[in-house]
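For reference, the structure discussed in these notes is given below.
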Amino acid sequence: MNTYDFIRLGEGPAIPYGAYDVSRNEGFVNVGMTHDTAEFAVESLRHWWKLVGQDHYPKARSLLLCADGGGSNSSRTRAWKYHLQQLADELGIPITVCHYPPGTSKWNKIEHRMFSHISMNWAGQPLVSYQAVVNLIGATTTRKGLKIQARLDAKTYPTKTKISNQQMKSVSLKPHGTHPQWNYTIIGNADREIGKT
């Protein structure tokens with residue numbers, strides 16, 4: 001046995017994907033068990049909407065997402081835009097995405113207003129189970145009233161899935177005038193139908 005081998009206490013990988021509502025100082029974290037993919041990222045947003053968002057914003061006519069430029073919600077990832085189109089169609093409202101430019105994720109409020117506090121809350125705690133991870137995230141609070149809801153996502157998300165050119169034709173993406181590679185709106189089915197009439 002190598003002297004640097006340690007007994008593994010955890011059940012497997014725990015992948016947190018979060019949404020942070022700036023105006024309400026409330027967070028939501030979906031903890032995945034397989035891979036951090038674009039499909040997982042969008043599914044996390046779908047769970048946020050179903051469990052939190054639609055109750056707080058029942059009259060919402062659009063969603064605005066401020067996202068990092070890389071990772072599972074990369075501005076260059078076709079799968080991110082394809083799965084986001086499916087969510088926009090499902091919700092029936094447009095989804096606007098504004099990506100932080102490369103190297104500027106530290107400006108993203110979710111990092112220093114939510115995930116930094118999660119890290120401090122579970123510092124020194126053994127993350128021996130998925131339930132421990134979910135419980136520690138959900139127990140994170142601050143003096144300014146931060147609240148976080150967490151859930152476990154047991155769905156399997158395969159890696160290296162390819163989005164074909166035909167599938168990309170279903171994405172109704174409207175680039176913005178300023179930095180269109182980072183800022184765009186994905187139009188939902190309802191708005192597309194209105195545009196045809």
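Structural remarks
- Pair list, Cβ < 7 Å and 6+ apart or interchain, from the range 5-22 residues that are at pLDDT below 90 to residues that are not acidic (Asp, Glu): Leu9/Pro126; Leu9/Val128; Gly10/Leu127; Gly10/Val128; Glu11/Ser129; Glu11/Tyr130; Gly12/Met33; Pro13/Met33
- Looking across the range 38-71 at every residue that is surrounded by fewer than 16 Cβ atoms within 10 Å (Cβ to Cβ) and touching an Asp or Glu at 6+ places or on another chain (Cβ under 8 Å), the one that is farthest from Thr161 (Cα to Cα) is identified as His56.
- Some residue of the range 113-123 being among the aromatic types (Phe, Trp, Tyr), touching a helix residue (DSSP H, G or I) at 6+ places or on another chain (Cβ under 9 Å), surrounded by 13 or more Cβ atoms within 10 Å (Cβ to Cβ) and at pLDDT 95 or above: no
- Condition met for Leu84 (within 17 Å of the chain's Cα centre (by Cα) and either of a type outside the set (Ser, Thr, Tyr) or part of a loop (DSSP other than H, G, I, E, B) (or both)): yes
- Scan of the range 16-37 for residues that are surrounded by fewer than 19 Cβ atoms within 10 Å (Cβ to Cβ) and either in a loop (DSSP other than H, G, I, E, B) or of a type in the set (Val, Ile, Thr) (or both), ordered by number: Val22, Ser23, Arg24, Asn25, Met33, Thr34, His35, Asp36
- Residue ID - surrounded by the most Cβ atoms within 10 Å (Cβ to Cβ), chosen from residues in the range 140-171 that are among the small types (Gly, Ala, Ser) and within 20 Å of the chain's Cα centre (by Cα): Ala150
- Some residue of the range 126-134 being crowded, with 18+ Cβ neighbours inside 10 Å, at pLDDT 95 or above, part of a helix (DSSP H, G or I) and in contact with a helix residue (DSSP H, G or I) (Cβ under 6 Å, 6 or more places away or on another chain): no
- So Thr140, is it touching a strand residue (DSSP E or B) at 6+ places or on another chain (Cβ under 6 Å), assigned to a loop (DSSP other than H, G, I, E, B) and of a type outside the set (Phe, Trp, Tyr): yes
- Search result, residues across the range 145-181 that are in a strand (DSSP E or B) and of a type in the set (S, T, N, Q): Gln149
- Given (1) of a type outside the set (Asp, Glu); (2) part of a loop (DSSP other than H, G, I, E, B); (3) within 25 Å of Lys174 (Cβ to Cβ), index of the condition Gly103 fails: (3)
- Thr96 fulfils the conditions (1) under 15 Å from Thr185 (Cα atoms); (2) assigned to a helix (DSSP H, G or I) except for a single criterion, (2).
- Looking only at residues of the range 72-81 that are in a helix (DSSP H, G or I) and polar (S, T, N, Q), we find that the one that is surrounded by the fewest Cβ atoms within 10 Å (Cβ to Cβ) is Ser72.
The values are calculated or read from the model by the stated rules, or taken from the named source; none is laboratory data. These numbers were taken from a predicted model, which means no experiment stands behind them. Ideal geometry is used to build each Cβ from the backbone, glycine not excepted, and the neighbour counts take in all protein chains shown.
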